[in-house]
Amino acid sequence: MNDNEKQEQSSELLSNKQKSWHNTNVRWVALILACLFQFGSYFSTDYPSVLAEEIKDSFNKDQSDVNLLYTYYSMPNVILPLLGGLFIDAIGIRLAMVGFFAILIVGQFLCYISAVSGNFTIMLIGRLVFGLGGENCVVAQSYIVSKWFFGSELAFALGLNITFARLGSVLGAILLGKTYIWFGDSLSASMFFCLALLILAWVDAIILALLDKYCDKRDKVEAKIEGDKIKLSDIKEFKLDFHLLTLSCLTCYSAFFLFQYNNVEMFKLIYHMNSSQANNVYSIPYYSAALFTPIFGFVIDKFGRRTHLLVLCGGLLVLVNVIFISITCDQQEVCLTAPILGQILNGFYYSLYAAVMWPCVPLCVPERAVGTAFGVVNAVQNIGLTVFPVIVGHLISDETPAAYRHMILFLGSTAIVGLISNIGLWFVDKQNGGKMAKPSLKDNTEVEDLNIQQQESDTPISEPKVD
């Protein structure tokens, strides 16, 4: 919702002489519904990592095949982010949210059928369908939250959404393996659990859509939220800072997520953990993200220093890989110290990077091109999450300790590239006036002025005045 639309809505409400529910405590009900929506979807998203051993046993597959489940999920999202809000504009925000979530259910239903029939190909197709709905579903839900909290506690609302999303990941790691055991080593029971929770979350999404529709009807205001339009012609105007940030996103997220996708099996093999211990250690970064990402976002908005923190994130990611490549467990007893230390640092990195990187995107490009910029960054990120699982799957296909060390070396090299891009971004941003290092401005005027100056001249510009 842009400023003109907000003014139109305010004028309508004044003429109707009633207070919009968007400005009352009803908005917190909408936020709770949105958070439960996120919780349900993320519960099912990462099941291949926490059920890797169970999937391999059920289908007689290896870890490279488990990685393919992530490749198939990310594959459609190489293209979908570039379509921006076209789908949402065409069918409406509420119908888009409910419809895309229905696609998630179809995808998970195929995964359940796969587990029942023992056909791994059906599970791959299910993950592909799940990916078709996943990213668009998150976009639609984010628009709804932005509508209810426009100009008021929006950063907190979106941060709370991240918290519930990662709580869903954590609960999935805890319960899905137990469900498999409780029902007699049944993968289909775990898949059905995911399906049932998605259906409940879909009902929650319908309630949220009805609440939003009734609010608009009560206010006599038409919902006009539109997605940012993607214009590929804008890409040629993007400068070096944007390209470095995109490279950082590709390498840093790929290094983190590929480690998460495969570390449960690595913890069992190299550090001699049982399934419960491995899943608990796997979950540490998500506990951290649930707790700290909103806090980090608030602090960064207040104090800035984004480029400095990006360098810190890159350094932490490299350090994590150094820990896992250098500290091994030779004896046959359980080793917890090194994995827990590494995962705590991974959690700190993941929480901080999410709070730092994404707010930098609008600061790199002209305001009219923000939608294109987010589309490109998301597309490039998903290229990494499509290709890297195939590479890593090949590296660890024989599932030996040496193979997992090769994986760590590869991901560590990827993290080093991310660190170099973050250092480069620090210097480039400093030359361009230090926009990313500044606290959040009271409005976009100074940032827009800086972008205009950058377009008119390639010479360094003076720093904006920050009150």
Residue count, the range 118-162, condition open to solvent by 20 Å² or more (accessible area, probe 1.4 Å) and either of a type in the set (D, E, K, R) or at pLDDT below 90 (or both), comes to 17
Give the residue that is farthest from residue 252 (Cα to Cα), with candidates limited to residues of the range 295-352 that are assigned to a helix (DSSP H, G or I) and among the charged types (D, E, K, R).
302
The condition from (1) out of contact with any Pro (no Cβ under 6 Å at 6 or more places or on another chain); (2) in contact (Cβ under 8 Å) with a residue 24 or more places away in the chain that residue 159 misses is numbered (1)
Starting from the range 22-49, keep only residues that are at pLDDT below 85, then list their pairs with residues that are acidic (Asp, Glu) whose Cβ atoms are within a distance under 9 Å, requiring at least 6 positions of separation or different chains.
22/219; 27/153; 37/204
Exactly one of 365, 356, 361 is closer than 24 Å to residue 417 by Cβ, among the hydrophobic types (A, V, I, L, M, F, W, C) and in contact with a Ser or Thr (Cβ under 8 Å, 6 or more places away or on another chain), and that one is 365
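The values are calculated or read from the model by the stated rules, or taken from the named source; none is laboratory data. Everything numeric in this text was worked out from a predicted model, so none of it was measured. Don't worry about glycine lacking a Cβ; one is built from the backbone with ideal geometry, like all the others, and counts go over all protein chains shown. Side chains included, ligands, DNA and RNA excluded: accessible areas come from the protein's heavy atoms. Shrake-Rupley method; radii C 1.70, N 1.55, O 1.52, S 1.80 Å.
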